[in-house]
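The values are calculated or read from the model by the stated rules, or taken from the named source; none is laboratory data. Bear in mind the structure is a predicted one, so any value in this text is a computation, not a measurement. Glycine also receives a Cβ, built like all others from the backbone with ideal geometry; neighbour counts cover every protein chain displayed.
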Amino acid sequence: MQNKIIVTGGCGYIGSHTVIELIENNYNVVIIDDLSNSSEETLERILKITGTKPTFANVDLKDEMATKAVFKKHKDAKAIINFAAHKAVGESVKNPLMYYNNNLCSLINVLSAQIENNIEGFIFSSSATVYGTPETLPITEKNETQRPSSAYGNSKKIAEEIIDDVIKASNNFQAISLRYFNPIGAHESGLIGELPSGIPNNLMPYITQTAAGIREKLMVFGNDYPTKDGTPIRDYIHVVDLAKAHVLAVKRIINKEQDMPYEIFNLGTGNGFSVLDVINSFEKVTNSKLNYEIVERRPGDVPQLYAATNLAKEKLGWSANKTLDEMVKSSWDWEQKYRKEQSSKESGSAF
Ligand code: UDP
């Protein structure tokens, strides 16, 4: 019998890539998504890639009754992976209550429904933003967390603390938080990838949209940081590598292999690349020039973030495999395929 896993936010960027990996590892997936920043078409794309269409429930997790009802229906699930959240940093600074309301009310409803239905495992989609400005590098899971500068980041930090309290108060629930560094790239099929609504906040979609002619030029936010070329350093990780770590976390929870009821792992490659490294890689793999300009620093950006990856390697048996060039190329392949599909839809021809 296949183990059932509930994936909230399973139509989103990281969620949909994880659903594919789960199906390919023989799990029975139930997606709960309100489609507020994604599309039901993702289900068709998952079907095309895997041959399986996951069960889908269109539920707003802020609705406690609806959340409990859908969990009751799937109370035979072995674990939940909770991706559902708003994630635009700038928007969260302008509208913090919307972020706390959405990201934390939904988390509380999901945890309550989990407890009510005795589903033992919980995996949380967290972020390296909880480390704030790290004092030591690479960042290990032992680094102190700091108050992140955005409401988005702080909602992740508070969420981790809520999970910690809930796990401490129970005897039979387990949780794992996965702290992502900078996810980029897309599925090798080119059928799913990152699709930011409106102007992208993140570097990679901004680069690919600039090259695709949707944005005029990339603004590089500052070149006076204390780094090798003055631009900030991040740990970019391929979304499929990230997705695979979720499958291993599910296995660890289901097989009761945890050392503690609540565990936390960094998910990064351990390699730091500057903004100019990413641009150079893009220009190399696409054999083209990117239109960019160095401008003022973006408030809140830290000079360097990259992960220590030993814990995930030792405990989950996971490490990231893709190189920067491979990651950048897969982002570009997705952007091109998606834009081609959109323009053929507009001109009436089939994809
Ligand atoms: N960045 C940039 N221009 C952009 C978007 C991002 O120069 O339009 C830089 C940003 O300053 C940071 C890096 O790219 O150093 C990664 O930013 P992103 O927003 O993708 O992720 P973050 O690390 O901030 O979560």
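Some values worked out for this structure:
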{"read-out": "Of all residues in the stretch 63-79 being free of Cβ contacts under 8 Å to residues at least 24 places away in the same chain and exposed (fewer than 15 other Cβ atoms within 10 Å of the Cβ), the one that is nearest to L22 (Cα to Cα)", "value": "K73"}
{"read-out": "Test: residue in the stretch 136-149 that is in a helix (DSSP H, G or I) and of a type in the set (G, A, S)", "value": "no"}
{"read-out": "Counted residues, the stretch 299-343 - those being within 16 Å of the ligand (Cβ to nearest atom) and more than 27 Å from K284 (Cβ to Cβ)", "value": "2"}
{"read-out": "Residue in the stretch 164-177 that is nearest to the ligand (Cβ to nearest atom), counting only those that are farther than 24 Å from V93 by Cβ and either of a type in the set (A, V, I, L, M) or surrounded by 19 or more Cβ atoms within 10 Å (Cβ to Cβ) (or both)", "value": "I176"}
{"read-out": "Cross-chain or 6+ apart pairs with Cβ under 6 Å, the stretch 265-285 first and more than 11 Å from the ligand (Cβ to nearest atom), then of a type in the set (D, E) and not in a loop (DSSP other than H, G, I, E, B)", "value": "S281/D325; V285/D325"}
{"read-out": "Unique match (being crowded, with 19+ Cβ neighbours inside 10 Å, aliphatic (A, V, I, L, M) and farther than 26 Å from G185 by Cα) among I237, I253", "value": "I253"}
{"read-out": "Count of residues meeting criterion [in contact with a helix residue (DSSP H, G or I) (Cβ under 9 Å, 6 or more places away or on another chain) and either over 28 Å from V30 (Cα atoms) or β-branched (V, I, T) (or both)] in the stretch 113-133", "value": "6"}
{"read-out": "Residue within the stretch 127-138 that is over 19 Å from the mean Cα position of the chain (by Cα), within 16 Å of the ligand (Cβ to nearest atom) and either at pLDDT 95 or above or within 24 Å of L248 (Cβ to Cβ) (or both) present", "value": "yes"}
{"read-out": "Selected residue (only one of S38, S112 is under 18 Å from the mean Cα position of the chain (by Cα) and away from the ligand (no atom under 16 Å from the Cβ))", "value": "S38"}
{"read-out": "The stretch 197-213, subset in contact (Cβ under 8 Å) with a residue 60 or more places away in the chain and in a loop (DSSP other than H, G, I, E, B), residue nearest to the ligand (Cβ to nearest atom)", "value": "N201"}
{"read-out": "In the stretch 215-233, the residues that are more than 10 Å from the ligand (Cβ to nearest atom) and without any contact (Cβ under 8 Å) to a residue 60 or more places away in the chain", "value": "K228, D229, G230"}
{"read-out": "Inter-residue pairs, beta-carbon under 8 Å, first within 17 Å of F83 (Cα to Cα) and in the stretch 246-259, second part of a helix (DSSP H, G or I) and of a type outside the set (A, V, I, L, M, F, W, C), 6+ apart", "value": "H246/T18; H246/E21; V247/T18; V247/E21"}
{"read-out": "Residue in the stretch 153-188 that is farthest from S106 (Cα to Cα), counting only those that are hydroxyl-bearing (S, T, Y) and at pLDDT 95 or above", "value": "Y180"}
{"read-out": "Verdict on N95 being away from the ligand (no atom under 16 Å from the Cβ), under 18 Å from the mean Cα position of the chain (by Cα) and closer than 26 Å to S197 by Cα", "value": "no"}
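Matching residues to (1) under 23 Å from the mean Cα position of the chain (by Cα); (2) part of a loop (DSSP other than H, G, I, E, B):
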site	(1), (2)
D229	no, yes
N266	yes, no
I279	yes, no
V285	no, no
L290	no, yes
I294	no, no
E326	yes, no
W332	yes, no
